[in-house]
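The values are calculated or read from the model by the stated rules, or taken from the named source; none is laboratory data. Nothing here was measured: the structure is a model prediction, and the numbers come from that model. Cβ: placed from backbone, ideal geometry, glycine included. Neighbour counts: every protein chain shown.
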Amino acid sequence: MTMLTGAAVTGGANGPAAVNRNGGKRKKRWFAEVGWRHLVGLLGVLFSLFPLVFVVSAALNPLGTLSSTELVPTGGVSLENFGNLFARTEFAHWFLNSLLIAGGAAFASVFLSALAAYAFSRMRFQGRRVGLLSLLLIQMFPQFLAIVAIFLIFGTITDLWPAIGFNTPWGLLLLYLGGALGVNTWLMKGFFDTLPRELDESATMDGASHAQVFFRIMLPLVAPILAVTGLLAFINTINEFLMASVFLTDTDAKTLAVGMRGMLQGGERNTNFGIFAAGTLLTAIPTVLVFQFLQRYIVSGLTSGAVKG
Amino acid sequence: MSTPLSSPGSAQQAPGRGPVRTGSPRTSRTARNHAPITAAGLAAKVILLGLVAGIAIWAAFPLVEAEKWVGLAVLMLTTAALFYLYLGRRHVPAKYLIPGTLFLIAFQVVPVLYTASTAFTNFGDGHRGSKDDAIVAIQSSSVKQVPGSTQYPLSVATKGDPATGALVFLITKPGTDTVSVGDAGGLRPLDPGAATVGPGGKVTAADGYTVLNFGQASARSKDITDLVVPTAGGALRSSGLSRAYEGKAVRAYDAGCDCVKDSDSGKTWTADGEVGAFVAADGERLAQGWKVNVGLSNFTRVLTDERISGPFLGTLIWNFAFAIGSTGGTFILGMLIALALHSPRMRGTNLYRMLLILPYAMPSFAMLLVWRDMFNTDFGLINNLFGLSVDWFGQDWSARAAVILVQLWLGYPYMFLVATGALQAIPRELTEATSVDGASRWQSFRAVTLPLLLVALSPLLISSFAFNFNNFNAIYLTTEGAPFPADNPSNGATDLLITYTYRLAFGGQAAQFGFAAAISLFIFAIVAVVSAVSFRRTRQQEEVYA
């Protein structure tokens, strides 16, 4: 385990001094100051990792069943499950659909809510307070509570414009955009509020239009936070199951969440676990990569928004 | 994209947001000092408005074809309003608000209002359409084959996927080549030449339709048997997969007595406008009813119907326990680890952090399913590791503990991340000052760190509570609400209100959309009140500490 090296290094740095004089007391102090922190960290890491280790083990399990999967693979490893995943299911289609829908929804929803947040943060107009409060209220009514109505509305849309109806990524994308403003506007407004007003005021004095202030000054300054919000929107959309399952019934049109749940339905539950685990790992690759890449911004960005409320 | 989709209602509301005045001196200055128009800005404007116009024209044709004049009017008004807004120089805030607002209205506000209106009706299976629809359905479902019924060669076809698409009948008039297409809406002739008729009179291909082959048709034989095509003299039904007959309706509606009469048995069912169904003297109801306004009865049912109110209260309490347990548990665990790793002497924190947030980065729908299988009684990892054979999802409390544990795993990395960030934002001088003053580590945590953390994170805690209160995936992808009491298969021990609602609307038994909508409104009221109260308290807190 890589983890242990971190602790060992720290221990080593303290080691020589501790041996020289009064070793026991030193060690006790080291534990009270630093050691327990590593212990808590290690326990947390163990808790975080053990289901993931199980998934990796299941994905590499040559038998591919749930019943034969141990925490640590003992019956050899193979990549068979990954091959079967592409051969027996439409995984590649689902993956592309999910990337398209989640990517599109994340980008568009961040942009739409940045526009609205700019207006709410920098302009004073009639209805501003009402607008902000009603966004808060609408946000509390999750879109999927209205799923019956959405289903009926999109039934009509499918008749009129099949290109944006059921079983198309566009219909689902439009639906997700309906929830965009409610979720992110408040957060973004908080970020915009932290930027000093003098910046855009001086730009206005220099002759910049409101659009130039927005695109040239505000957006670049909040870019890291935009990335974080976009990432969160991306993850939420990839994980959205309920509406996608109502919308997408054709095998080719499904997203990962809908398609992969189908793998574990009914009698296939035990036998398909290996390829399901393989699919889970492949699904995780884009998010984990982006996550690690943006980690710096996530910590600072998320909380600066949070602190400002 | 938004313009073509704005449903009725948006036209009035969307421009309604337009006439906002720039009130304060700050923005009116912006409005007065108009910057010169740049080439790039102009080009963007032209391209975007051109796109809007293109989409509007594209969307208009099907509306004209379907003669949906109200929809067309809404579309044209919305497009015109967009042009007016973006070509003019006034209404600057609206320019930024309208794009998102259009989507919000079309896909959130309208569905929510629609849902709210269904909460006062009996809308659901057996009460879907108007009274006329119900009469047509009653008459055509009572169609029987009588001697002398006309027989037609039948082909079954669909416009969509052969396995799932809506079915139509393609029939040929005996002795001719006239092909008609029929669905639940009725029978209409197909253009001559649009269909190819085989030697037996059976249609083998038709423009725009996929004709089902024998295997595909037999896989959907139930749908084919259930399809009834109303005709002038009765209705058309299938007999087998390749023949259809036109039969006579046994039951007929009599407008004089507002009742349905059965000509075989002579029984009559009288229309009851209160419940939206035809009811016989002995209390028997016909299955096909219609949608009526039932006032508040969906809401009072929750309180007065004993079969519903008892389990409902239990679900409500568990729903709160789940939301508080998930939010509180993840916050405490995340904060503890964040506190542990937050020390200048601590090394390797980046590595810890990278590994700790992995659960957050994993796709949660998949990990929920993995956890479900880790709790599997026979092959699950948990039972294997500890040598147990516990049926985790079989008993109330173990199932509840299991779903909270799963939420803890999924949610604590997020709390860890935000708590880390908030800790970094607390000036070190504050905690140093307390230790100079002789406070213990615990005292300094209680008096300085925790209050500041709570101020910083309470908005996130509130939204986390609201999210978990309606965490559909957490239950639906793990226990699906199980375990269920033996006498009540619609309300299980781990059911949240939202999964209960979903089961009412889309579960195996007859759909009760109206009742489900009433519970949706109930959920909304609870979450709104809780959030409003806590936001108010948060603001007071901020005033105290900040």
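Structure summary
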{"item": "Tally of residues being closer than 13 Å to B:THR225 by Cβ, part of a strand (DSSP E or B) and within 37 Å of the chain's Cα centre (by Cα) across segment B:236-269", "result": "3"}
{"item": "Sole exception among (1) touching a His at 6+ places or on another chain (Cβ under 9 Å); (2) more than 9 Å from chain A (Cβ to nearest Cβ); (3) β-branched (Val, Ile, Thr) for B:ILE57, by number", "result": "(1)"}
{"item": "Matching residues, segment A:135-167, being without any contact (Cβ under 8 Å) to a residue 60 or more places away in the chain, assigned to a helix (DSSP H, G or I) and over 26 Å from the mean Cα position of the chain (by Cα)", "result": "A:VAL148, A:ALA149, A:LEU152, A:ILE153, A:GLY155, A:THR156, A:ILE157, A:THR158, A:ASP159, A:LEU160, A:PRO162, A:ALA163"}
{"item": "Unique residue being at positive phi, without any contact (Cβ under 8 Å) to a residue 12 or more places away in the chain and more than 9 Å from chain B (Cβ to nearest Cβ) when the list is A:GLY262, A:GLY266", "result": "A:GLY266"}
{"item": "Residues of segment B:261-289 classified as of a type in the set (A, V, I, L, M, F, W, C) and more than 16 Å from B:GLY126 (Cα to Cα), total", "result": "2"}
{"item": "Condition check for A:GLU201: farther than 24 Å from B:SER364 by Cβ and at pLDDT 85 or above", "result": "yes"}
{"item": "All helices (runs of 4 or more DSSP H) inside segment B:342-432 with 3 or more residues being more than 12 Å from every other protein chain (Cβ to nearest Cβ)", "result": "B:396-425"}
{"item": "Residue that is farthest from the other protein chains (Cβ to nearest Cβ) [pool: residues in segment B:113-122 that are surrounded by 23 or more Cβ atoms within 10 Å (Cβ to Cβ) and β-branched (Val, Ile, Thr)]", "result": "B:THR118"}
{"item": "Exclusive hit being within 11 Å of another protein chain (Cβ to nearest Cβ) and hydrophobic (A, V, I, L, M, F, W, C), set A:LEU137, A:LEU219", "result": "A:LEU137"}
{"item": "Evaluation of B:ARG345 against (1) basic (Lys, Arg); (2) farther than 16 Å from B:GLY421 by Cα; (3) surrounded by 15 or more Cβ atoms within 10 Å (Cβ to Cβ) (one fails), failing number", "result": "(3)"}
{"item": "Residue check, B:LEU313 more than 21 Å from A:ARG37 (Cβ to Cβ), of a type outside the set (S, T, N, Q) and surrounded by fewer than 18 Cβ atoms within 10 Å (Cβ to Cβ)", "result": "yes"}
{"item": "Which numbered condition B:SER130 misses (of (1) surrounded by 17 or more Cβ atoms within 10 Å (Cβ to Cβ); (2) among the hydroxyl-bearing types (Ser, Thr, Tyr); (3) in contact (Cβ under 8 Å) with a residue 12 or more places away in the chain)", "result": "(1)"}
{"item": "Flag if B:ARG243 is assigned by TED's automatic domain parsing to the domain that holds B:GLY186 and buried (at least 19 other Cβ atoms within 10 Å of the Cβ)", "result": "no"}
{"item": "Within segment A:67-86, tally of residues that are within 10 Å of A:ALA277 (Cα to Cα) and either of a type in the set (A, V, I, L, M) or free of Cβ contacts under 8 Å to residues at least 60 places away in the same chain (or both)", "result": "1"}
{"item": "Test for A:LEU39: is it farther than 14 Å from B:MET346 by Cβ, modelled with pLDDT of 75 or more and either at the interface with another protein chain (Cβ under 9 Å from one of its Cβ atoms) or in contact with a strand residue (DSSP E or B) (Cβ under 9 Å, 6 or more places away or on another chain) (or both)", "result": "no"}
{"item": "Any hit, segment B:456-471, residues being on the phi > 0 side of the Ramachandran plot and either of a type in the set (Gly, Ala, Ser) or not assigned by TED's automatic domain parsing to the domain that holds B:LEU336 (or both)", "result": "no"}
{"item": "In segment A:168-188, the residues that are within 9 Å of chain B (Cβ to nearest Cβ) and over 17 Å from the mean Cα position of the chain (by Cα)", "result": "A:TRP170, A:LEU174, A:LEU175, A:GLY178, A:LEU181, A:GLY182, A:THR185, A:TRP186"}
{"item": "Only listed residue being β-branched (Val, Ile, Thr), buried (at least 21 other Cβ atoms within 10 Å of the Cβ) and touching a Gly at 6+ places or on another chain (Cβ under 8 Å), chosen from A:THR69, A:THR89", "result": "A:THR69"}
{"item": "Sole residue being surrounded by fewer than 18 Cβ atoms within 10 Å (Cβ to Cβ) and at the interface with another protein chain (Cβ under 8 Å from one of its Cβ atoms), chosen from A:GLN143, A:GLN126", "result": "A:GLN126"}
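For (1) among the small types (Gly, Ala, Ser); (2) surrounded by fewer than 13 Cβ atoms within 10 Å (Cβ to Cβ), each residue gets a yes or a no:
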site: B:LYS202; (1), (2): no, no
site: B:ASN213; (1), (2): no, yes
site: B:GLY247; (1), (2): yes, no
site: B:GLY256; (1), (2): yes, yes
site: B:GLY276; (1), (2): yes, no
site: B:ALA281; (1), (2): yes, yes
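Residues are listed down the side, and each one gets a yes or a no for (1) over 23 Å from the mean Cα position of the chain (by Cα); (2) not in a helix (DSSP H, G or I):
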{"position": "B:THR479", "(1), (2)": "no, yes"}
{"position": "B:PRO483", "(1), (2)": "yes, yes"}
{"position": "B:ALA511", "(1), (2)": "no, yes"}
{"position": "B:ALA516", "(1), (2)": "no, no"}
{"position": "B:VAL533", "(1), (2)": "yes, no"}
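Listed here are the residues, each with its yes/no results for (1) more than 27 Å from B:TYR253 (Cβ to Cβ); (2) out of contact with any Asp or Glu (no Cβ under 7 Å at 6 or more places or on another chain).
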{"residue": "B:GLY186", "(1), (2)": "no, yes"}
{"residue": "B:ALA194", "(1), (2)": "yes, no"}
{"residue": "B:VAL197", "(1), (2)": "yes, no"}
{"residue": "B:VAL203", "(1), (2)": "yes, yes"}
{"residue": "B:TYR209", "(1), (2)": "yes, yes"}
{"residue": "B:PHE214", "(1), (2)": "yes, yes"}
{"residue": "B:ALA219", "(1), (2)": "yes, yes"}
{"residue": "B:VAL228", "(1), (2)": "no, yes"}
{"residue": "B:ALA232", "(1), (2)": "no, yes"}
